[in-house]
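Visitor: Structure incoming, see below.
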Amino acid sequence: MTLSILIWLPLALAFIGAQLDEPWVGRFTAVTSLAPLGIAIDYMVRFKSGAGGLQFVQDHVWIGSLGIHYKLALDGLNMTLVLLTTVLFSLSLFWSAARSEIERPRMYYFWFGLAESAVLGAFCAQDVILFVAFFDLMLVPFYFLVGAWGTGERRRATIKMVIYTMVGSFLMLVAAVAAGVLASNQNGTPIEFTLSALSHLHLSHTSQDWLFLCFAAAFLVKMPLVPLHGWLADAYKSMPIPALAVFSGLLSKVAAYGFLKIAIPLFPYAARHYQTLMLLIALVSILWATALAFTTADSRLVIAYSSVAQLAFITLGIFSLRPEGAQGALLQMVNHGIVTAGAFFVVAALAARCGGSEKLADMGGIAFRAPVLASLFLIVAFATLAMPGSANFIGEFMILLGVFKAQLAISVIAFLGVIGAAVYALRLFITSMHNRVGRGVASPGEVKLAEAVAIVPLVIVILVLAFYPQFVLTRSQASSRVALAPAAAVAVAGSASATTASVHP
């Protein structure tokens, strides 16, 4: 079985489902989404955790004259993220299928299938041009999902999201082409865009600087971090909850993964050169998002801003350029995907009990009328604030440990984000579940089967990772060291040069 089957199966199943009668489309797509999940689990079982190289490699020449390959593979950086992708898409499809009010279901589920294939392709791609193609393809389904099935000012949200992300994607495409061309010219070799080939070719420091900044801009827009976050609020407010769960839980991880898989290994000098800048961007994003998360009156935006803060923590771990920081970032990518999707589903469940309102002022007093829902929400909230004993705590601890060794001052200030997470997570839980009964609460009711089918599995995964974070850490350890090795070599070379200069003035 090849990785192409895993990648393109969701799109093929969505296309088949689009031929069915409308009442059956959602059920068919939801049930068959378990097939990609099963394939991902099979790959996970057969994955060799101790190996740091590529596994299950599929490599075919795509455009020979341009040196572009259709190369796919799994390693410790993407294996758990591929599994996370199939889990979140499957649960989002089951959530959607449990609701019969979706208009034009054939196209709705088709776009979901295309989105899952694009995300899986981006994670598995081992050619820079192929990665860019999948990275851009991810945007297409969400353009339609927001524009056609969104709420509020969806047109404005769609335009802003597309403009921001397309500008970033254009910069990345230019940088990807330039990387192959410059590497070929500077080393006198045939042009090629596979990551394995580019990683062994020398690029000048100036070239690395410009190429790194172009890739970084594209990734920072997608995450998004300050100051490239202008599309966030409108898009997150307008997006349907199932689409938002996978968008926030997965597409932002493709950008973070891109730093570890492409930007740092290919441009190690630039990664070292701009390390402090990237850490400062992450730190400012943590403080900004945390401040907004515990002041906004909209429950959905609390989760949105907390998501930005967590992604900024992930960026801190990556640009600590330390193995423990990178491993913590990879663990936190999985944690954040699970927790943020669960939080958005809980917000949707709360809004259904408050006449559709997502305002915190319209909630309150639900816990005693829906204790099971409150208990599930409490677990999600504790994971959000990185309660000791949760996998989020382990991830943030490893990230801060890596940053502590790299930049002490930044790690100390970043602790404010940990404190702020406790404030906004508890504020969200207490305001919605306790205090007075909200003016919008009519008939709370216990958690429904249609809600439990998505929320309960995510809570179970949160608990499993809390007891066994090694599920992610053992698989990522070797690959994270390999990804950071070029940047570590640059640091060693710089230290050696400085020592030589001091000895021989």
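The values are calculated or read from the model by the stated rules, or taken from the named source; none is laboratory data. All values derive from a computational prediction rather than experimental measurement. So basically every Cβ, Gly included, is an ideal-geometry build from the backbone, and we count neighbours across all protein chains shown.
Visitor: Quick check on A98: is it surrounded by fewer than 23 Cβ atoms within 10 Å (Cβ to Cβ), over 28 Å from R475 (Cα atoms) and either in contact with a Leu (Cβ under 9 Å, 6 or more places away or on another chain) or not assigned by TED's automatic domain parsing to the domain that holds A256 (or both)?
Guide: Judged against the criteria, A98 is a match.
Visitor: In the set G53, G38, which member is out of contact with any helix residue (DSSP H, G or I) (no Cβ under 7 Å at 6 or more places or on another chain), in a helix (DSSP H, G or I) and surrounded by fewer than 16 Cβ atoms within 10 Å (Cβ to Cβ)?
Guide: G38
Visitor: I've got another one for you. Restricting attention to the range 124-178, which residues are touching a Cys at 6+ places or on another chain (Cβ under 8 Å) and on the phi > 0 side of the Ramachandran plot?
Guide: Those that are touching a Cys at 6+ places or on another chain (Cβ under 8 Å) and on the phi > 0 side of the Ramachandran plot: none in the range 124-178.
Visitor: Out of everything in the range 106-161 that is within 30 Å of G67 (Cα to Cα) and of a type in the set (D, E, K, R), what residue ends up being surrounded by the most Cβ atoms within 10 Å (Cβ to Cβ)?
Guide: The residue in question is E116.
Visitor: Which residues, counting only those in the range 56-83, are crowded, with 18+ Cβ neighbours inside 10 Å, part of a helix (DSSP H, G or I) and either without any contact (Cβ under 8 Å) to a residue 24 or more places away in the chain or in contact with a strand residue (DSSP E or B) (Cβ under 9 Å, 6 or more places away or on another chain) (or both)?
Guide: Answer for the range 56-83, where residues must be crowded, with 18+ Cβ neighbours inside 10 Å, part of a helix (DSSP H, G or I) and either without any contact (Cβ under 8 Å) to a residue 24 or more places away in the chain or in contact with a strand residue (DSSP E or B) (Cβ under 9 Å, 6 or more places away or on another chain) (or both): M79, V82.
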